[in-house]
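The values are calculated or read from the model by the stated rules, or taken from the named source; none is laboratory data. What you see is a predicted model; the values in this text were computed from it and never measured. Don't worry about glycine lacking a Cβ; one is built from the backbone with ideal geometry, like all the others, and counts go over all protein chains shown.
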Amino acid sequence: MDKREVLADLRTKRREAQKEMRAILSKPKAEKRNLNAAEVAEFNRLETDLWAFDDRIDELDEQLRADNAAAPMQSKYAPRNSTNDRSSVSNTATRMPGYSRFQVSEAEIYRPDGGNSYFRDLFTSQHKGDGDAADRIRRNNARQYEKRAISTTNGAGGEFVPPAWLETQFVKLARPGRVIADRATYMPLPAGTDVINLPKVNTGTAEAVQGTQNSAVQQTDMTTTSVGSPVVTIAGGQTLSLQLVEQSPVAMDQVILSDLAADYAMKLDQQVIGGSGTGGAATGLLTLAGTTSVAWTQATPALGGAGGLYSKIAQAIQSIHTSRYLPPDAILMHPRRWAWITAQSDANGRPLIVPDASGPWNAAGVQAGEVVAEGYVGKILGLPVYVDANLPTNLGAGTNQDPIILARTSDLFLWESHIRAEAFPQTYAQNMSLFCRLYSYISFQAARYPQSIAIISGTGSVTPSF
């Protein structure tokens with residue numbers, strides 16, 4: 001098959017994977033519940049396949065564009081008649097846990113293969129009365145931000161205007177995704193409030209054996225309180241030269257918006273993990289009061305044996321069992337910690353984390369079928385393990401420790417608004433510049449049941465040695 005046939009086949013397989021993912025989500029959505037462990041595992045497997053399809057599709061797209069590099073510039077970047085199948089998951093579906101790959105849902109309007117420019121449309125619709133551009137903007141839900149002015153100067157954005165050498169071969173800035181944030185229970189952010197307050201039973205009623213017939217029965221009054229989470233603004237701006245917006249043959253939002261979406265996902269995830277709770281920030285899992293601390297103190301860290309990480313994970317699990325009275329549903333750790341865990345072996349040199357459940361010896365855990373950098377990676381003590389590079393690695397006295405979090409993530413609530421985008425030439429006119437502002441509101445609440453969160457930390461979690 002030639003490249004176009006391979007590309008068509010990959011897109012067909014990608015649509016089939018999306019269809020299976022939607023089928024997995026449909027049942028828990030109808031039953032108004034979270035996905036169970038088996039559904040999560042299957043969903044993550046399909047999502048990993050989807051990422052692989054995406055990467056291969058991107059690679060073939062770039063090769064085809066390179067093959068056509070000799071074509072006239074206008075022809076190269078003109079809108080095409082084909083529909084980008086990456087838009088097939090609706091914007092509503094993007095808000096389901098695990099759908100971080102579908103953050104920009106109207107890709108057929110602002111495609112990565114050229115055509116309409118989002119920032120050009122913002123400018124011409126607002127300040128030049130372009131009705132077509134305004135219509136495209138109304139159908140588009142934009143993404144987020146960075147604080148760095150760029151122009152048409154080489155080294156600061158100029159690589160994306162003619163000459164046509166490798167315009168589409170730019171190197172994207174690597175950022176971790178929103179793995180832990182996507183484990184929380186998602187809800188749309190309500191309008192008209194800056195704090196979300198949830199009522200909470202503080203102390204409950206009581207029952208007791210009646211001493212004798214006709215004697216008074218136990219009467220204990222319930223007391224109530226509330227827990228509140230502030231509405232946090234995640235915002236930023238990007239200054240663009242007007243020449244870059246109006247004259248570049250490449251739609252600059254292909255470059256900028258993908259970067260903004262990645263940075264927004266990272267900043268949101270960091271709020272969920274370790275928001276300080278002050279200065280307009282959310283209160284994250286690591287700063288929340290009332291969680292259970294499990295000390296892992298080993299001069300020579302080990303997975304097994306007395307005082308090893310395996311026993312500490314079991315201790316964290318029982319702490320949630322005996323205080324929340326429901327089980328945790330996830331183990332959350334940094335990728336470096338999981339890599340260290342998979343490198344551990346017993347006295348006979350056999351790995352303690354086996355590739356699948358059919359190992360010939362007693363294993364401490366099971367590794368997922370494929371090696372991934374973030375998301376679901378395997379199981380320990382029956383719980384799914386997720387790795388997230390947004391977890392800090394600079395905690396403790398030596399600023400070299402990474403915590404491990406066990407949580408009942410269905411107890412965590414995350415509210416998120418739609419992303420808003422605006423463009424302003426004001427105060428930048430004398431410089432022929434345009435300021436693009438993107439922002440969103442979020443609120444995170446982990447204090448409903450702080451006892452459903454256990455954090456393993458200590459000298460055992462220092463930078464691992466391999």
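Please work out which one of (1) assigned to a helix (DSSP H, G or I); (2) modelled with pLDDT under 90; (3) closer than 15 Å to TRP415 by Cα is the condition ASP182 fails and give its number.
All conditions are met except number (2).
Which numbered condition trips up GLY382, out of (1) buried (at least 16 other Cβ atoms within 10 Å of the Cβ); (2) more than 19 Å from GLY274 (Cβ to Cβ)?
With respect to (1) buried (at least 16 other Cβ atoms within 10 Å of the Cβ); (2) more than 19 Å from GLY274 (Cβ to Cβ), GLY382 is out only on (1).
What tally of residues in segment 443-466 results from selecting those that are touching a Ser or Thr at 6+ places or on another chain (Cβ under 8 Å), over 15 Å from LEU309 (Cβ atoms) and not in a helix (DSSP H, G or I)?
So the answer is 6.
Just give me the residues in segment 173-221 being within 29 Å of LEU391 (Cβ to Cβ), among the small types (Gly, Ala, Ser) and surrounded by fewer than 12 Cβ atoms within 10 Å (Cβ to Cβ), in sequence order.
ALA174
Can you tell me which residue within segment 185-203, out of those that are aliphatic (A, V, I, L, M) and assigned to a strand (DSSP E or B), is farthest from ILE419 (Cα to Cα)? Before the answer, list the steps.
To start, the set of residues in segment 185-203 that are aliphatic (A, V, I, L, M) comprises 187, 189, 191, 195-196, 198, 201.
Keeping just the survivors that are assigned to a strand (DSSP E or B) gives 187, 195-196, 198, 201.
On the way: MET187: 15, VAL195: 19, ILE196: 19, LEU198: 25, VAL201: 34 Å.
Across segment 185-203, the extreme among qualifying residues is VAL201.
Can you list the strands (runs of 3 or more DSSP E) lying wholly within segment 370-417 that have 3 or more residues being farther than 16 Å from THR287 by Cβ and aliphatic (A, V, I, L, M)?
Output list reads 383-387.
Return yes or no: is THR292 more than 30 Å from SER117 (Cα to Cα) and of a type in the set (Val, Ile, Thr)? First the steps, then the outcome.
Values: more than 30 Å from SER117 (Cα to Cα): yes; of a type in the set (Val, Ile, Thr): yes.
It is true that THR292 is more than 30 Å from SER117 (Cα to Cα) and of a type in the set (Val, Ile, Thr).
GLU370 passes all but one of (1) more than 20 Å from ILE453 (Cβ to Cβ); (2) of a type in the set (Asp, Glu); (3) at pLDDT 95 or above; which number fails?
(3)
Those residues that are over 22 Å from LEU285 (Cβ atoms) and either at pLDDT 95 or above or of a type in the set (Val, Ile, Thr) (or both), I need them from segment 340-367; list them, please.
Residues satisfying the conditions are THR342, ILE353, VAL354, VAL366.
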